[in-house]
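Chemist: Pasting a structure below so you can have a look.
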Amino acid sequence: GIQVEQSPPDLILQEGANSTLRCNFSDSVNNLQWFHQNPWGQLINLFYIPSGTKQNGRLSATTVATERYSLLYISSSQTTDSGVYFCAVSSNTGKLIFGQGTTLQVKP
Amino acid sequence: EAQVTQNPRYLITVTGKKLTVTCSQNMNHEYMSWYRQDPGLGLRQIYYSMNVEVTDKGDVPEGYKVSRKEKRNFPLILESPSPNQTSLYFCASSSTTAVNEKLFFGSGTQLSVL
């Protein structure tokens, strides 16, 4: 099955800093999504982005499907950005494979 | 309000006592799925359903059952729970059978099996 690797596993930032999270996947996919799990455990969909670039406020994401990776950019980070960021992929089936996540801590 | 609703939020039970975790969505979504989240293992898919009366195994289906008798509901059944099923469970749904739309999650159910 498809393997998903996220890096870095942990990240500590000062408020206002920028960061890049990476998601590598081992096979072709037609579905790639980024999620944020806040400290209370709630999972929120950030982007559906199987290819190309999308932006939503301070967050943006780019997926290069031919090279099998996706990047999530967080600019001007805030303490509310803290939590775990997951990417998840699927290849034309109902199975969705999650990466291990990147734990982000933003310090005031 | 569009949402995925799971109940209960917390559940403590004993080994072997059958339980059901309910999941309901009000967005008319065709696709629904269940995940468990364990420390160090991330989220793993248990079962998914592409539409009514259609269910398939995910990566960790052993010890679980599901049913999809109607579009809005997708309950997770543990016939004989064991301590290794202690976990945080999430239900999710999305709008198309091809799973090519955003996935929406419920608030989670923290299950402890003693």
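Chemist: Contact order normalised by length for the stretch A:1-91, with contacts defined as Cα pairs under 8 Å and 6 or more residues apart; what percent is it? Write down the numbers at each step before the final one.
Modeler: Numbers: 191 pairs, mean separation 33.4, N = 91.
Computed value for the stretch A:1-91: 37 percent relative contact order.
Chemist: Okay, next question. Just the number, please: buried accessible area between A and B, total of both chains, 1.4 angstrom probe, nearest 100 square angstrom.
Modeler: For A against B, buried area totals roughly 1700 Å².
Chemist: Please report, in whole Å³, the volume per residue of the convex hull around the C-alpha atoms of chain B. List each step's numbers first, then the result.
Modeler: Working: hull volume 10.6 nm³, N = 114.
Dividing the Cα hull volume of chain B by its residues yields 93 Å³.
Chemist: For the modelled label position 7 Å from the Cα of B:Q110 along Cα-to-Cβ, which residues of the stretch B:1-37 have backbone nitrogen atoms closer than 17 Å?
Modeler: Once the point is set 7 Å along Cα→Cβ of B:Q110, B:6-14, B:36-37 turn out to lie under 17 Å by backbone N, inside the stretch B:1-37.
Chemist: Here is a follow-up. Could you check the spin-label model distance between B:A2 and B:K65? Points 7 Å from the Cα along Cα→Cβ, value in nm.
Modeler: Those two pseudo-labels are separated by 3.3 nm.
Chemist: A further question follows. Top to bottom by accessible area (1.4 Å), largest first, where do A:F98, B:F104 land?
Modeler: Reading off the accessible areas and sorting them downward yields B:F104, A:F98.
Chemist: If one computes P(r) from the Cα atoms of the protein assembly as shown, what percent of pairs lie at distances over 26 Å?
Modeler: 35
Chemist: Sticking with this one: Using a 1.4 angstrom probe on heavy atoms only, work out the carbon and sulfur share of the accessible area of the stretch B:24-114 in %.
Modeler: 50
Chemist: Give the relative contact order (percent, whole number) for the stretch B:11-72; include only Cα pairs under 8 Å separated by 6+ residues.
Modeler: 27
Chemist: Relative contact order, percent, of chain B when contacts are C-alpha pairs under 8 Å separated by at least 6 residues?
Modeler: 36
Chemist: What's the center-to-center distance, using Cα atoms, between the stretch A:1-76 and the stretch B:51-112 in Å?
Modeler: Using only Cα atoms, the two centres lie 24 Å from each other.
Chemist: Would you please state which residues of the stretch A:56-77 a label at A:R22 would reach in this model, taking the label point 7 Å out along Cα→Cβ and a backbone N cut-off of under 16 Å?
Modeler: A:62-74, by backbone N distance to the label point.
Chemist: Ordering A:K107, B:K71, B:K18 by accessible area with a probe of 1.4 Å, largest first, what comes out?
Modeler: So, going from the largest accessible area down, we get B:K18, A:K107, B:K71.
Chemist: Rg to Rh ratio, chain A, alpha-carbon atoms and Kirkwood radius?
Modeler: Over the Cα atoms of chain A, Rg/Rh equals 0.96.
The values are calculated or read from the model by the stated rules, or taken from the named source; none is laboratory data. Since the structure is predicted, the reported quantities are computational estimates derived from the model, not experimental observations. Positions of Cβ are generated from backbone atoms using ideal geometry, with glycine treated the same way; all protein chains shown enter the neighbour counts. Just the protein is used for accessible areas: all its heavy atoms, side chains included, with ligands, DNA and RNA removed. Shrake-Rupley method; radii C 1.70, N 1.55, O 1.52, S 1.80 Å.
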